[in-house]
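Taken together, the values in this text are just the output of simple stated rules run on the coordinates, not laboratory data. Since the model is a prediction, treat every value here as computed from it, not as a measurement. Virtual Cβ from ideal backbone geometry, glycine too; neighbours counted across all protein chains shown.
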């Protein structure tokens with residue numbers, strides 16, 4: 001297992017350009033937030049799809065690292081998204097991940113995505129990660 | 001229908017920060033390429049997942065606009081990805097989209113993603129877009 | 001809205017061969033159970049994938065009918081599954097559906113699938129349904 | 001590698017209730033057909049979703065066995081479907097599978113589903129299978 005601080009340090013070191021922050025991690029869960037600024041918006045005043053996708057990907061990664069420790073070679077094998085509502089242009093995107101399975105070689109989790117502070121889910125994701133055999 | 005130049009102009013105006021270029025569009029197909037530089041890499045010398053996701057999303061959007069014309073409110077409703085091989089760090093990501101269905105209100109397409117110039121698919125995506133009723 | 005009895009009558013009349021029973025419906029949720037007998041098993045003493053897929057599909061359909069009433073032309077547009085653990089050969093498959101979005105023309109929901117009476121999810125599904133415009 | 005006859009014998013022995021027949025297998029591809037009779041129909045004169053899902057699942061399984069030989073413990077880990085057109089009630093469902101990746105432990109493939117003899121795809125599937133480590 002890795003602590004929130006250890007994961008945050010690892011992410012900051014390895015993905016220096018990321019705009020995602022860890023809010024909480026542990027117990028097969030993680031909550032992260034993606035900053036939203038000019039670069040994250042698309043016309044019509046909404047957040048771009050890839051921003052939501054990146055948020056879900058990081059939420060899953062952080063939830064898994066919270067359980068198995070810092071295993072950098074853990075990689076996404078599949079991700080599926082449903083986009084349901086238009087996110088707010090002036091709020092961070094928050095991703096709440098819950099791991100559904102943590103096996104020896106495969107982890108599966110779902111992520112609910114929100115505009116921060118708003119009750120309705122804007123998108124939903126399910127992802128699988130391959131965990132390298134030796135750890 | 002919109003021409004490649006019309007779609008390129010629309011994308012450049014509305015998504016000024018995009019790093020995706022249109023290589024070809026028409027006949028229910030589109031091919032696009034995403035630049036790969038420092039911002040697109042992740043540790044281990046590979047291209048980040050969100051870059052591939054953005055490429056697939058744009059490829060689908062361009063293929064649809066190529067058929068229905070410039071309809072900005074066409075939005076992604078679902079996207080699913082399988083990541084299969086590690087992309088090269090020094091080649092653009094190319095997305096080749098083929099529309100499987102173009103209905104009045106829903107379009108479905110698949111995208112094969114490659115490291116430019118290499119034969120093996122690095123990832124595969126399937127997406128659905130909602131087309132606004134009046135057009 | 002349709003009551004559990006109305007939906008059960010509709011399903012029995014229209015899908016006489018189904019082996020799925022409704023256990024509960026309402027409040028954007030539905031719980032259903034699929035009988036498991038010789039026809040539902042595959043070698044190795046486990047439940048076949050299509051049985052789990054059918055359970056998820058019905059759970060979503062029932063949850064939607066519980067909200068919008070008996071609208072037979074509501075059809076599945078996409079379904080995605082992750083299979084996580086081997087189900088028991090001697091227990092029904094239970095599907096617990098939660099609708100994530102119920103729009104005018106599109107509904108999205110997720111389904112958790114269990115071997116009845118066991119705590120660990122055997123599979124997880126996410127599906128979208130198109131609701132016909134006039135209802 | 002396994003021949004078409006070997007796979008057909010294996011399927012007949014292990015899944016005696018299946019209504020899917022192998023039409024062709026080899027070269028990272030497989031084509032299969034699912035019989036359509038009273039049990040496979042749903043009201044409105046169309047083929048039920050689970051029939052199409054079973055066809056896709058078998059098509060993927062057969063394509064993989066065609067490459068790696070009879071490895072019964074190869075199991076589906078994920079499957080995603082897009083349903084695009086109403087299939088004919090009086091034609092078999094044909095599934096044409098193409099493997100996109102065949103790794104040591106994971107295979108990925110896509111399946112195009114048709115009403116036999118008709119040109120337009122009725123549904124599309126993408127699936128992943130876990131291959132047991134020792135083979």
Can you list, shortest first and in nm, the gaps between the label point of residue A:104 and those of its counterparts in the other copies, using a point 7 Å from Cα in the C-beta direction?
1.4, 5.4, 5.5
Note the distances from residue A:39 to each other copy's matching label point, with points 7 Å along the Cα-to-beta-carbon direction, in nm, sorted shortest first.
0.5, 5.7, 5.8
By average C-beta atoms within 10 angstrom, highest first, the peptides B:126-133, B:90-97
B:90-97, B:126-133
Taking the Cα-to-Cβ direction at residue B:75 and at residue D:89 and moving 7 Å from each Cα, how far apart do the two end points lie in nm?
3.7 nm
When the distances between all Cα atoms of the protein assembly as shown are binned every 10 Å from zero, what whole-number percent does each bin get?
4, 18, 31, 28, 16, 3, 0
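If you average the sequence gap of Cα pairs under 8 Å that are 6 or more apart and divide by the length of chain D, what percent do you get for the contact order? Walk me through the numbers before you get to the answer.
On the way: 292 pairs, mean separation 34.4, N = 135.
The normalised contact order for chain D reaches 26 percent.
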Given R₀ = 30 Å, what would the calculated FRET efficiency be for residue D:3 paired with residue C:35, taking r from the Cβ atoms and rounding to 0.05?
0.25
log10 I(q)/I(0) for chain B, Debye formula on C-alpha points only (no solvent), q = 0.16, 0.17, 0.18 Å⁻¹, two decimals, reads -0.74, -0.83, -0.93
Run the label-point distances for residue B:89 please: 7 Å along Cα to Cβ, every other copy, nanometres, shortest first.
3.8, 5.1, 6.0
Is there a simple number for the mean count of other chain Cβ atoms within 10 Å of the Cβ of residues in B:44-50, and what is it?
5
Partner shielding of A:119-125, as the mean number of partner chain Cβ atoms within 10 Å, equals 3
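Before rounding to the nearest 500, sum -39500 (n - 2.57) across all DSSP H runs of length at least 4 in the protein assembly as shown and divide by the residue total; then give [θ] at 222 nm in deg cm²/dmol. Walk me through the numbers on the way to the answer.
Numbers: 8 runs with 124 residues, N = 540.
Calculated from helices alone, the mean residue ellipticity at 222 nm is -7500 deg cm²/dmol.
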Roughly what angle does helix C:4-14 make with the longest principal axis of chain C, taking Cα atoms, 0 to 90 degrees, to the nearest 10?
80 degrees
Take every residue in peptide D:82-89, count the Cβ atoms of other chains within 10 Å of its Cβ, and give the average of those counts.
5
Reduced to Cα centres, the span from segment A:9-42 to segment B:58-76 in Å works out to 30 Å
Quick one: which of B:55-65, A:75-85, D:25-35 comes out on top by average Cβ neighbours within 10 Å, and what's the full order, highest first?
B:55-65, A:75-85, D:25-35
Once both axes come from the Cα atoms, what is the angle between helix C:49-68 and the longest principal axis of chain C, in degrees from 0 to 90, rounded to 10?
30 degrees
